[in-house]
Every structure is written in structure tokens, then in C-alpha cells.
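See structure below.
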Amino acid sequence: MKQAAKDKCISLTLMAVAMSGISGLALITGFIFREGLPIMMKVGLGKFLLSSNWYPQEGEFGIFPMIVGSVAVTVGAMLIGGTLGLGCAIVLAQFCPPRLVSLLKPGIELLAGIPSVVYGFIGVVILVPFIRDYIGGPGLSVLAASVVLGVMVLPTVTSISFDALRAVPRTYREGSIALGATEWQTTRMVMLKAAKSGIVTAIILGMGRAIGETMAVIMVAGNTLDLPRSVLDPVRTLTSNIALEMGYAAGDHRKALFATGVTLFVIIMVLNTIALAVSRRRPGRVGQA
């Protein structure tokens, strides 16, 4: 009886710890929506999301340039970090000797532990002058932010894609090789198809990481409120707008920044939901090599 009571107590304690995380998320969600939804209703959802006029002192709150900026920077980051991350995962999982993998994989994952302000500092000191002197534009741009964020999402994409490729049964690879396929044909036609759901999850989680980044983007993106017309134009993202203006905002201006947070929250939740749904799918049938 004493052991049963002890087990019950431990079970309730662990349940309370688990519920505390959910409760914290619920409180944060409720607070953000309570502060942000009234101004969205006051201005109008369509005008708030699709207007390009952000003049808080005049009561105009349009975040469309910031939405475009966030999308542009995120897409650029995934083209760089997603491509390199998937390539690294393929090399590590399929072509590297185990001893080399044990050295390279922790090194790549270590990139995730570097503070974002360090990435931003390196971008300002090295990347921005390089773009300005050799490519064009002011340097502070969509391109600079995309490169910095691409490096930052690299460990996320690499780690999850590597685990997805390693989770594919060895019989898939051995059967393909036995049928006469080359290593690359086996990787392309069998391994990547079998690990597709895990790779898609890695890409989506990387997008969530990129779109939610703040400090590094502030330092290298330029933070202008104009719509970007090329990758060399400066841009302001949703996260940058909140961080730059929350310190002095008041009244409707402050509520509009919370509404910006609501928009960002919804975008990230949609991405996470898609990633969760994809990760739960069963691996599809692989084609013949």
C-alpha cells in the first residue's frame, strides 16, 4: 500500500509538472491575444495585415511590409540553410565514415549554441561590408539577413534530417545496392523518399526558427519600413518591429505591437502544426532505384 501511494504521488507530481508547461503556454497565448486582438478589430483585420502604412502617431497600423520582409528573409534563409543542411545530413548519414561523423556532427550541432548576437556581429563586421563592396546596395539587406539566418538554421535542419535518414531500415539500402544501384541512386531514389516526412519536418522547423529570430536580423537587415524589391534592399521583419518599438510604445501603438505578435504567433503555430502532422505520417513507399 505504501508503494502504491508513493507511485501515485510521483505520478501526480509529474502530471503537475507537465501541466505547468501547458498552463504557461495558455497564459502567454491568452495575454498576447487579449492585448492584440482589440486593435486588430479597431483597425480592421484586412487593413492591419494588408496596409503598408505604419504610422503609429497618426493611428495607422499596417504590417504588410513587415510580413513580406519576414517571408523574404525566411525563404532566403531556407534556400541557403535548408539546402546546405540537407546536403550535410546526406553526407553524414550516407557517405562519411563513422569516426568522421562523430567529429563533424557535434561540431555542426554546436552552431545552435552560439548566441544570435554573435551571428549578428559577424554579419555586421564581415558580411555586410562584403555585400556592399562586391555585390551592391547598402549591405544591410534581405541577402545579409538570409545568409546569417541560413547559418543559424543549419544545425536544426542537419540534425533532424540526419536522424530521419538514419531511421530508415538498413534493408532498404542493402536491397537497393544488391539490385545494382549506385550509392547516389540509392540515396536519391530510396533513402530520401523513405525519410521524406522527417526531412519535411526539419525544413518546417527550420522555417519556424528563422521567422522567429530577432537580434541577428535587427543587426543586419536594415530595418526600413519599405517593401523590398530585391534581395539587396533593406527590410524590417515582424520580430524586429516588436523589438525596436516596444520600449517606447504606448496606447494603441503598444497594442498594435502585441497584434504583430499575434500574427507571428499564428504563423509559427501553423508551421509547428504542419511539422507535427508531417512527422506523424507513415513513411511512403519508395521507388525503385
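Observations
- Pro38 vs. criteria at pLDDT 90 or above and surrounded by fewer than 15 Cβ atoms within 10 Å (Cβ to Cβ): yes
- Conditions (1) touching a Pro at 6+ places or on another chain (Cβ under 8 Å); (2) farther than 12 Å from Gly69 by Cα; (3) basic (Lys, Arg); number of the one not met by Arg188: (1)
- Scanning region 18-51 for residues that are more than 21 Å from Arg236 (Cβ to Cβ), in a helix (DSSP H, G or I) and more than 27 Å from the chain's Cα centre (by Cα) yields Pro38, Met41, Lys42.
- Residue ID - nearest to Arg166 (Cα to Cα), chosen from residues in region 52-81 that are in contact with a helix residue (DSSP H, G or I) (Cβ under 6 Å, 6 or more places away or on another chain) and assigned to a loop (DSSP other than H, G, I, E, B): Ile63
- Given (1) closer than 29 Å to Ala164 by Cβ; (2) at pLDDT 90 or above; (3) aromatic (Phe, Trp, Tyr), number of the condition Phe33 does not satisfy: (1)
- Taking the conditions (1) at pLDDT below 90; (2) out of contact with any Ser or Thr (no Cβ under 8 Å at 6 or more places or on another chain); (3) surrounded by 12 or more Cβ atoms within 10 Å (Cβ to Cβ) in turn, Glu60 satisfies each one other than (2).
- For the condition more than 15 Å from Ala259 (Cα to Cα), modelled with pLDDT under 90, out of contact with any strand residue (DSSP E or B) (no Cβ under 8 Å at 6 or more places or on another chain) and exposed (fewer than 10 other Cβ atoms within 10 Å of the Cβ), Gln94 does not qualify.
- Enumeration of residues in region 23-42 that are closer than 19 Å to Ala249 by Cβ and touching a residue at least 60 places away in the same chain (Cβ under 8 Å): Ile32, Phe33, Glu35, Gly36, Leu37, Pro38, Ile39, Met40, Lys42
- Residue within region 119-136 that is within 30 Å of Ala195 (Cα to Cα), more than 15 Å from the chain's Cα centre (by Cα) and of a type in the set (A, V, I, L, M) present: no
- Leu84 being crowded, with 16+ Cβ neighbours inside 10 Å and under 21 Å from Gly208 (Cβ atoms): yes
To keep it simple, each residue is scored yes or no on (1) surrounded by fewer than 20 Cβ atoms within 10 Å (Cβ to Cβ); (2) touching a Phe, Trp or Tyr at 6+ places or on another chain (Cβ under 9 Å).
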site	(1), (2)
Phe162	no, no
Tyr172	yes, no
Glu183	yes, yes
Arg188	yes, no
Ile199	no, no
Ile204	no, no
Ile211	no, no
Met215	yes, yes
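- A search for C-beta distances below 6 Å between a residue of region 52-81 that is farther than 18 Å from Met219 by Cα and of a type in the set (Asp, Glu) and any residue that is at pLDDT below 95 and surrounded by fewer than 22 Cβ atoms within 10 Å (Cβ to Cβ), counting only pairs 6+ apart in sequence or on different chains, returns Glu60/Asn53.
- Where a residue in region 209-233 is over 12 Å from Gly69 (Cβ atoms) and its partner, wherever it lies, is among the charged types (D, E, K, R) and surrounded by fewer than 17 Cβ atoms within 10 Å (Cβ to Cβ), with Cβ under 8 Å and at least six apart: none
- All helices (runs of 4 or more DSSP H) inside region 82-199 with 1 or more residues being closer than 30 Å to Val231 by Cβ and either in contact (Cβ under 8 Å) with a residue 12 or more places away in the chain or not hydrophobic (A, V, I, L, M, F, W, C) (or both): 83-90, 98-110, 116-122, 128-134, 142-166
The values are calculated or read from the model by the stated rules, or taken from the named source; none is laboratory data. Just so you know, these numbers come straight off a predicted model, no measurement behind them. All Cβ positions, glycine included, derive from the backbone under ideal geometry; neighbour counts span all protein chains shown.
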